[in-house]
There are 2 protein chains.
Amino acid sequence: MAATLKDVAIRAGVSRSAVSRTFTDGASVSPKMRKKVKKAAEELGYRPNALASSLTTGRTKMIGLISNNFHNPIFLTVFDRFTRALQERGLRPLLVNLSDETDPQSSVQMMRQYSVDGVIVASSTLSPDFSKAFRDWGMPVVHTFGRHATNPHVHVVGIDNVECGRMAARALVARGHKHVAFLGGPEKATSTQDRYQGFMTEMAMHPKVKTTYSFANQYSFEAGRAEMQRLLRSDTAEAYFCGDDVLSIGVLSAIQDAGLNVPNDIGLIGLNDMEMAGWANIDLTTIRQPIGQIINSSVELIAAMLDDPERYPEARLFPCDVVERGTLRPALTD
Amino acid sequence: MAATLKDVAIRAGVSRSAVSRTFTDGASVSPKMRKKVKKAAEELGYRPNALASSLTTGRTKMIGLISNNFHNPIFLTVFDRFTRALQERGLRPLLVNLSDETDPQSSVQMMRQYSVDGVIVASSTLSPDFSKAFRDWGMPVVHTFGRHATNPHVHVVGIDNVECGRMAARALVARGHKHVAFLGGPEKATSTQDRYQGFMTEMAMHPKVKTTYSFANQYSFEAGRAEMQRLLRSDTAEAYFCGDDVLSIGVLSAIQDAGLNVPNDIGLIGLNDMEMAGWANIDLTTIRQPIGQIINSSVELIAAMLDDPERYPEARLFPCDVVERGTLRPALTD
DNA sequence: AAATTTTTTGCAACCGGTTGCAAAAAATCT
DNA sequence: AGATTTTTTGCAACCGGTTGCAAAAAATTT
């Protein structure tokens with residue numbers, strides 16, 4: 001059976017308090033005592049129980065890592081990055097899949113049960129009600145990929161999706177396209193709405209360019225492909241801004257199946273620059289969302305909130321860049 | 001501040017014991033008392049602290065979910081399935097990324113610190129020393145995608161990789177190929193070794209067919225692509241069994257870049273049947289590893305071990321099936 | 001060496017729960 | 001109605017840690 005602090009105290013012939021102080025950062029203990037305790041602890045294979053100590057300290061060092069997105073390939077990178085960044089700080093992610101959840105309160109109650117020190121909501125499609133509910137319960141919370149304007153009292157880390165929509169529009173205009181279109185993800189998602197808004201706003205400054213739009217029903221290959229197949233039968237633009245890379249890949253697939261050439265017949269620009277976008281044969285021109293920075297910043301923010309729970313809510317938006325690959329033709333030289 | 005059991009007891013005018021019994025399954029409490037306590041608890045927004053109760057019960061209901069694989073797209077599905085299956089049983093996954101870890105003992109100590117009820121090691125490439133170390137510490141452990149023969153004292157759930165190698169070989173022979181090859185993942189990974197063994201053993205029964213092999217340095221698109229580019233410059237077989245789907249997609253990409261046709265010039269069969277294998281333009285013939293069943297079974301096994309830690313170690317191997325798509329030509333009719 | 005200051009140590013209470021057991025209350029049997 | 005059995009309840013100790021505080025020990029100053 002696992003050794004406890006009491007066992008170590010008995011073996012070292014000291015008080016339990018001495019043992020505790022030996023393993024508590026910043027506590028006062030003499031070098032001689034420390035050595036004696038460490039020796040006994042080692043002999044017994046003792047390891048402090050983080051959960052027992054959390055009762056007194058109020059800290060578990062666990063962070064709820066919440067997502068409803070387990071199908072978009074970029075989220076594998078997201079989880080990789082989050083786990084690494086949290087682990088580096090001695091924080092532990094309690095992973096929660098909210099793909100089938102509709103009630104914010106039940107999520108809050110579960111997090112409270114496990115006394116997580118904070119919560120990271122990693123989703124652009126989960127209702128803002130979720131991060132708001134955590135905050136309302138007084139939990140430190142960061143909404144990664146969320147939208148600041150909808151939830152000004154919650155810390156948000158991500159990109160300016162409106163600006164990305166603008167960037168995409170500008171990229172298509174620069175290619176001299178006369179008919180461009182937005183092909184978005186789920187219409188209700190804040191990311192879709194912002195990207196659409198940015199795109200349409202920028203295109204409004206180019207009245208000579210025909211602009212249309214439509215939505216896929218989710219951020220997936222199949223949804224992108226199906227929507228493009230529909231468009232190819234009705235109203236085909238010269239170039240498309242697809243709401244994200246996995247949509248773009250589905251769109252690319254449908255275009256190729258129709259015997260058309262990308263970028264010569266139809267141009268494409270995606271968003272995210274997930275690993276697959278750079279794969280040969282895909283070679284997607286896209287707008288790079290700096291996932292690494294977004295995640296490191298999210299973790300930095302949650303860690304800061306552990307020390308300062310009243311920290312004033314902030315939005316950290318990272319700039320995006322167009323990554324030129326093979327799905328858009330060269331820009332016109334002015 | 002969060003209400004505690006003591007607050008509820010005061011408010012309901014009963015003992016703390018009565019409150020505890022009200023929230024403890026199977027404990028004796030009268031309907032009248034239960035109602036009174038529930039009312040007070042509701043008014044205070046009380047929720048039992050799972051970690052405090054774990055000190056007495058010895059159960060946190062947390063399960064360590066350990067992986068070192070955050071780059072192979074199939075693992076997004078793996079995490080989706082694991083989180084759902086665990087959550088359905090009221091278990092909570094503490095996610096651990098061991099991509100950069102080499103010391104099993106430090107992982108064990110971390111898991112002990114959090115008093116997880118059990119550990120699921122989800123990896124085909126992590127050394128068996130890890131799952132063995134957990135077991136040696138008396139923790140319930142299931143190694144998903146592990147190899148039984150290497151670790152007979154640990155519960156293993158997965159597929160018979162040797163048999164999959166055989167199946168792949170048979171599929172290529174049935175196409176009448178005169179030169180076939182195995183293109184595997186990391187040579188040291190047990191999954192690679194077993195798939196190779198099965199493939200070569202089956203091919204040994206067909207001495208008239210030339211058989212060669214090589215290894216990519218990881219299970220990734222780039223690694224598969226690079227190795228195929230190398231092979232196209234030296235020793236090209238008619239058909240390949242690629243160690244998994246993501247390798248296959250990289251291989252497919254290199255073949256297409258060389259202006260060759262799949263399946264007419266070169267045939268391919270992968271392993272896993274991850275979502276992307278069925279994408280149009282990939283349309284990969286592959287061997288389906290039943291991920292859903294493997295994961296449900298792993299979770300079922302870990303749950304069973306919580307009640308019976310001395311449960312005799314077992315290996316649960318699931319059958320695989322060839323999924324015919326477009327990367328292998330039709331079989332010869334005998 | 002004595003006085004003063006600083007550091008270290010153990011005691012005991014605390015954190016938020018659970019549970020064995022004896023006493024009290026309720027239910028059932030005669 | 002009394003006796004017996006069953007259920008319910010509160011007490012108090014426990015789970016494995018932390019920490020305020022007073023006393024003791026060590027270090028420093030005079």
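Worth pointing out:
- Residues of the stretch A:269-292 that are outside any strand (DSSP E or B), in contact with a Lys or Arg (Cβ under 8 Å, 6 or more places away or on another chain) and polar (S, T, N, Q): A:Thr285 alone.
- Selected residue (criterion: nearest to the other protein chains (Cβ to nearest Cβ)) from residues of the stretch B:111-146 that are aromatic (Phe, Trp, Tyr) and not in a loop (DSSP other than H, G, I, E, B): B:Phe134
- Single unsatisfied condition, A:Gly90 versus (1) on the phi > 0 side of the Ramachandran plot; (2) crowded, with 17+ Cβ neighbours inside 10 Å; (3) more than 16 Å from DNA strand C (Cβ to nearest atom): (2)
- Pair list, Cβ under 7 Å, 6 or more apart: the stretch B:61-79 residue closer than 20 Å to B:Val116 by Cβ, other residue of a type in the set (Val, Ile, Thr) and part of a helix (DSSP H, G or I): B:Ile63/B:Ile302; B:Val78/B:Ile291; B:Val78/B:Ile295
- Cβ-Cβ distances below 7 Å connect the following pairs, each with a first residue in the stretch B:1-18 that is farther than 15 Å from B:Glu42 by Cα and within 8 Å of DNA strand C (Cβ to nearest atom), a second residue that is of a type in the set (A, V, I, L, M, F, W, C) and assigned to a helix (DSSP H, G or I), and a separation of six or more residues or different chains: B:Ser15/B:Ala9; B:Arg16/B:Leu5; B:Arg16/B:Ala9.
- Residue check for B:Ser54: touching a Ser or Thr at 6+ places or on another chain (Cβ under 9 Å), hydroxyl-bearing (Ser, Thr, Tyr) and facing chain A (nearest Cβ under 7 Å): yes
- The stretch B:70-103, residues that are within 9 Å of another protein chain (Cβ to nearest Cβ) and in a loop (DSSP other than H, G, I, E, B): B:Phe70, B:His71, B:Asn72, B:Pro73, B:Ser99, B:Asp100
- Scanning the stretch A:180-203 for residues that are in a strand (DSSP E or B) and over 19 Å from the mean Cα position of the chain (by Cα) gives A:Val180, A:Ala181, A:Phe182, A:Leu183.
- Residue, nearest to the other protein chains (Cβ to nearest Cβ), within the stretch B:20-34, restricted to residues that are more than 7 Å from DNA strand C (Cβ to nearest atom) and surrounded by 13 or more Cβ atoms within 10 Å (Cβ to Cβ): B:Thr22
- A residue that is among the acidic types (Asp, Glu), crowded, with 19+ Cβ neighbours inside 10 Å and either in contact with a Gly (Cβ under 9 Å, 6 or more places away or on another chain) or in the same structural domain as B:Gly278 (by TED's automatic domain parsing) (or both) occurs nowhere in the stretch B:68-87.
- Count of the stretch A:313-331 residues which are free of Cβ contacts under 8 Å to residues at least 40 places away in the same chain and in a loop (DSSP other than H, G, I, E, B): 1
- Subset tally (residues that are within 11 Å of DNA strand D (Cβ to nearest atom) and either free of Cβ contacts under 8 Å to residues at least 40 places away in the same chain or surrounded by fewer than 17 Cβ atoms within 10 Å (Cβ to Cβ) (or both)) for the stretch B:35-60: 10
- Looking only at the stretch A:101-142, residues that are among the polar types (S, T, N, Q), closer than 18 Å to B:Leu44 by Cβ and in contact (Cβ under 8 Å) with a residue 24 or more places away in the chain come to 2 in all.
- Filtered residues of the stretch A:10-34 (kept if assigned to a helix (DSSP H, G or I) and either β-branched (Val, Ile, Thr) or near DNA strand D (Cβ under 9 Å from one of its atoms) (or both)): A:Ile10, A:Arg16, A:Ser17, A:Ala18, A:Val19, A:Ser20, A:Arg21, A:Thr22, A:Phe23, A:Lys32
- Among the residues of the stretch B:220-244, those identified as within 13 Å of another protein chain (Cβ to nearest Cβ) and buried (at least 24 other Cβ atoms within 10 Å of the Cβ) are B:Phe221, B:Gly224, B:Met228.
- When the stretch A:35-59 is filtered for residues that are away from DNA strand C (no atom under 12 Å from the Cβ) and not basic (Lys, Arg), the ones remaining, listed by number, are A:Ala40, A:Ala41, A:Glu42, A:Glu43, A:Leu44, A:Gly45, A:Tyr46, A:Pro48, A:Ala50.
The values are calculated or read from the model by the stated rules, or taken from the named source; none is laboratory data. Nothing here was measured: the structure is a model prediction, and the numbers come from that model. For neighbour counting, all protein chains shown are included, and Cβ atoms are generated from backbone atoms with ideal geometry for every residue, glycine included.
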